[in-house]
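For reference, the structure is listed below as structure tokens.
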Amino acid sequence: MHVRIPRPWAIRESEVTEERIYRARRHFMKTSAVAALGAGLFPGLVAARAEQQLDALRPLEKSRFSTDEDPNTYEEITSYNNFYEYGTGKEDPARLAPKYLKPEPWSVEITGEAEVTGSFALEDLLKPHALEERIYRLRCVEAWSMVIPWVGIPLADVIKRFKPTSRAKYVKLTTLLDPEQMPKQDSGGIFGFLSTIDWPYTEGLRMDEAMNELSLLAVGLYGKEMPAQNGAPIRLVVPWKYGFKSVKSIVSIHFQETQPNTTWNDLAPNEYGFYANVNPEVDHPRWSQARERRIGELFKRDTLMFNGYGEQVASLYRGMDLSKHY
Amino acid sequence: MAVLPAQLPPRALAGVKVAVFLLCLLPAGLIVAGLLAGSLGINPIESMIRQFGEWALRLLLITLAVTPLRQLTGAAWLVRLRRMLGLFAFTYVLLHFTAYFVFEQSARLGLVLEDVAKRPYILVGAAALLLLIPLAVTSTNGWMRRLGRRWKRLHWLVYPIAVLAVFHFFMLIKAEDYSRPLLYAGILMVLLGYRLQRGARGRMRRQRVHA
């Protein structure tokens, strides 16, 4: 007999956009696009805005940490990604990740300086927690940004369950290493000698950063389960840091006393620091971080210190020289 | 090699010129149409800027390939297309710069100058653009006559300009995927190697004549 046990973290039916609204949205997009074309405008951009207006119809519980800015469209969020395990092109992850990544079953190893350690099935990891929606700004180190309605649980709540010891000063988070599911981990490509990423992708946070109320373990977006290309089934979201800190498809959470090595910092230490806090005053060596292109907008906008989350996180870095600890 | 006819009647040449002209316009037309139709992807502005830039580089390399192609095929009329190809390369450089100026730097010259001063790859791109201006200006028959032998020397600048353009492309790659800049670097090296080798042979021949 087959008994279907609903996964506790699965998105409830009531939370998913209603088909009727979805269709209305599509229709509205099409008609407004045509109208705008006639007017000689940019229908791609107009359509994106129209979809967001209709999103306001959707009843969503909002976290007090959510921005009230218009979120980017589901299409934008799921077809413009950096996920080098599937290629360096922005379209590669959307094309390949859903084909290769098997987010089920999934388990996460908890190891290192903690009283409770072991391997946990994703369901068990999430079970005690209530999912919430957090609409966060995401600022990529490449000077573009989006607004994304994530669904997830506070990282701090998860960490507390494992009772990190006093020696746990940092937490290291690691992406899956499996070339069968992440093909570019295997291939050096045509110019393999230039392939320098040492897989698996590894990121880290200071313990107080990980325990910050903004740090989120996300399992979905737009009220749906996390798409493969966005880091299914579980990923980190730390919105005051450049996007590359928000490691995808996590299989390991490790507590340790020393600062962990992190992928981009290893690759180009002068360009990508361990902290990687969004900071308009500290430029990337090759481009300015003062402004950013919000996807869907024509002109650039000013980048905010800590991506606008200074109220929650500025105190973490008091007294630190942020041009040195970039 | 007789792949191409050595001579072309004037009417056929005019036809070829019109065809090349339209072909050169095509990428710009597709890019602008894509922008208006919203089909340039999720980040259309960046896509537009990059495509204009890449077409500028491609056309520059095509322009550089005209003389070797003429020498290898014996099709003398190919040289009649060179000015148009070079001016189109310059046009795409201008489109690339204008799109960057308007959309990346909000049409503020101060921001552009700051960018040039701070960022090597912008500096390299700006150098290539500025060096191309005298070549575009002196591309007319009048200037060719006036400059005489110096015209050729001046227009040798197109080689360092192409090197700068390839470098500009190389330097903006974030990580890993150098395949396209490497491809263009390879093509440029072949073209440059051909010219250097031919130049050396020419000098040797001249020396023998003088001896």
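Any read-out appearing in this document is the output of simple, stated calculations on the displayed coordinates, not a laboratory observation. A quick note: this is a predicted structure, and the numbers were derived from the prediction, not measured. Using ideal geometry, Cβ is built from the backbone for each residue, glycine included, and neighbour counts are taken over all protein chains shown.
Compute the angle between helix B:10-37 and the longest alpha-carbon principal axis of chain B, please, reported from 0 to 90 degrees and rounded to the nearest 10.
The angle comes out near 10 degrees.
Cα to Cα, under 24 Å, and not fewer than 8 places away if on the same chain: which lysines meet these conditions relative to residue A:245?
Candidates past the 8-residue exclusion: A:90, A:102, A:160, A:163, A:169, A:172, A:184, A:224, A:300, A:324, B:174.
Given just the C-alpha atoms of segment B:10-210, how large is their convex hull per residue in cubic angstrom? Don't skip to the answer; put the middle values down first.
Values: hull volume 32.7 nm³, N = 201.
Roughly 163 Å³ of hull volume per residue.
Based on Cβ point charges of +1 for Lys and Arg and -1 for Asp and Glu, what charge dipole magnitude is obtained for segment A:72-200 about its Cα centre, in debye rounded to the nearest 20? Could the numbers behind the result be given before it?
Values: 15 positive and 19 negative charges, 90 e Å.
Computed about the Cα centre, the dipole is about 440 debye.
Please list, by residue number, everything in segment A:73-91 whose backbone N is under 13 Å from a paramagnetic label point 7 Å out along Cα→Cβ of residue A:99.
A:86-87, by backbone N distance to the label point.
With a cut-off of at most 12 other beta carbons within 10 Å, and DSSP calling the residue loop, which trypsin sites (Lys or Arg not before Pro) in segment B:58-151 qualify? Please list them.
Details: sites: B:58, B:70, B:80, B:82, B:83, B:108, B:118, B:145, B:146, B:149, B:150; in loops: B:108.
Qualifying residues, ordered by number: B:108.
Quantify how strongly other chains surround peptide B:111-122 by giving the mean number of their Cβ atoms within 10 Å of each of its Cβ atoms.
Numbers: counts 4, 0, 0, 2, 2, 0, 0, 5, 6, 2, 2, 3.
Per residue, the number of nearby Cβ atoms from other chains is 2 on average.
Averaged over its residues, how many other protein chain Cβ atoms are within 10 Å of peptide A:291-304's Cβ atoms? If you can, show how the numbers build up before the last one.
Values: counts 4, 0, 5, 0, 5, 3, 1, 5, 7, 6, 1, 0, 0, 0.
Going residue by residue through A:291-304 and averaging, the value is 3.
Rounding to the nearest 10 and keeping the result within 0 to 90°, find how far the Cα-based axis of helix B:120-137 lies from the longest principal axis of chain B.
Around 50 degrees separate the two axes.
Using a 10 Å cut-off around each Cβ of peptide B:148-159, what is the average number of partner chain Cβ atoms that fall inside?
Working: counts 0, 0, 0, 0, 0, 0, 0, 0, 0, 0, 0, 0.
Going residue by residue through B:148-159 and averaging, the value is 0.
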